[in-house]
1. Could you list, in sequence order, all residues of segment 26-58 that are under 22 Å from Glu191 (Cα atoms) and in contact with a strand residue (DSSP E or B) (Cβ under 8 Å, 6 or more places away or on another chain)?
2. Residue by residue through segment 176-192, note down the ones that are under 8 Å from Leu23 (Cα atoms) and among the small types (Gly, Ala, Ser).
3. I'm told Ala95 meets every condition in (1) over 18 Å from Pro10 (Cβ atoms); (2) among the small types (Gly, Ala, Ser); (3) within 16 Å of the chain's Cα centre (by Cα) except one. Can you identify the failing condition by its number?
4. Within the set of pairs 6+ apart or on separate chains, which have a first residue in segment 48-59 that is without any contact (Cβ under 8 Å) to a residue 40 or more places away in the chain, a second that is of a type in the set (D, E, K, R) and surrounded by fewer than 13 Cβ atoms within 10 Å (Cβ to Cβ), and C-beta atoms under 6 Å apart?
5. Being at pLDDT 95 or above, in contact with a Gly (Cβ under 9 Å, 6 or more places away or on another chain) and not in a strand (DSSP E or B) is the filter here; which residues of segment 150-169 pass it?
6. Might you let me know whether segment 116-125 holds any residue that is of a type in the set (D, E, K, R), under 16 Å from Leu93 (Cα atoms) and surrounded by fewer than 18 Cβ atoms within 10 Å (Cβ to Cβ)?
7. Which of the residues spanning segment 126-144 are polar (S, T, N, Q), modelled with pLDDT under 95 and surrounded by 14 or more Cβ atoms within 10 Å (Cβ to Cβ)?
8. Against the conditions (1) out of contact with any Lys or Arg (no Cβ under 8 Å at 6 or more places or on another chain); (2) surrounded by fewer than 21 Cβ atoms within 10 Å (Cβ to Cβ); (3) touching a residue at least 40 places away in the same chain (Cβ under 8 Å); (4) within 20 Å of Ala156 (Cα to Cα), where does Pro89 fall short? Just the number, please.
Amino acid sequence: MNVLGISGSPRRDGNTELLLAELLRGAQSKGAEVQTIRLNTMKITPCQHCDACTEKGICRIQDDMQKIYPLLEQADVIVVASPVQFAGPTAPLKAMIDRTQSLWAKKYILKIPPLDPGKKRRGYFISTAATRIKGMFEPSLAIIKTWFRVIDVAYAGELTYAGVDEKGAILKRPEAMQQAFNAGQALATPEM
């Protein structure tokens, strides 16, 4: 079982990263191999909508995104973590998602599975927001669920926490950390 954690947080060891680390710790406790990528440390050029990927399903831009494509391919579980910024995911995460336009082109134009169809992948979302506005997580959830659907990853759920702002504030909510750990354990358990 290979669990890939994708941190879209620009803040190292911020609330979403702490939750992600705890989820991955839970997965690891069940024997899963885990890996985290921190998008804010990577060079990912925004999609240029050049349509080069419509020819072979491969993005022509050579940057750190070329390291991410194989990790998506290898993963059994993909866990995306991003705080809410202006009602949506962070810019690094959105740039990564947009650069999977090549996987969209494989699936919908070239009629090729976007990732190895031999795996039944599951996806999970973790998010925090400073404010408690009703529906705060809905725009991010719509983007994440759409992305998972495009790359043929079954949506397995989410953990979202409002009213969490300052760095480390999530640690004052031990139930949140426990929920993350438990989610990791559940995700590392193969579906029957």
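The values are calculated or read from the model by the stated rules, or taken from the named source; none is laboratory data. Quantities reported herein were computed from a predicted structural model and do not represent experimental measurements. All Cβ positions, even for glycine, are placed from backbone atoms using ideal geometry, and neighbour counts span all protein chains on display.
1. Ala27, Gln28, Ala32, Glu33, Val34, Gln35, listed by residue number.
2. The answer is Ala180, Ala183, Gly184.
3. That leaves (1) as the condition not met.
4. Ala52/Arg60
5. Of everything in segment 150-169, just one residue is at pLDDT 95 or above, in contact with a Gly (Cβ under 9 Å, 6 or more places away or on another chain) and not in a strand (DSSP E or B), namely Ile151.
6. no
7. The answer is none; no residue qualifies.
8. Among (1) out of contact with any Lys or Arg (no Cβ under 8 Å at 6 or more places or on another chain); (2) surrounded by fewer than 21 Cβ atoms within 10 Å (Cβ to Cβ); (3) touching a residue at least 40 places away in the same chain (Cβ under 8 Å); (4) within 20 Å of Ala156 (Cα to Cα), the lone unmet condition for Pro89 is (2).
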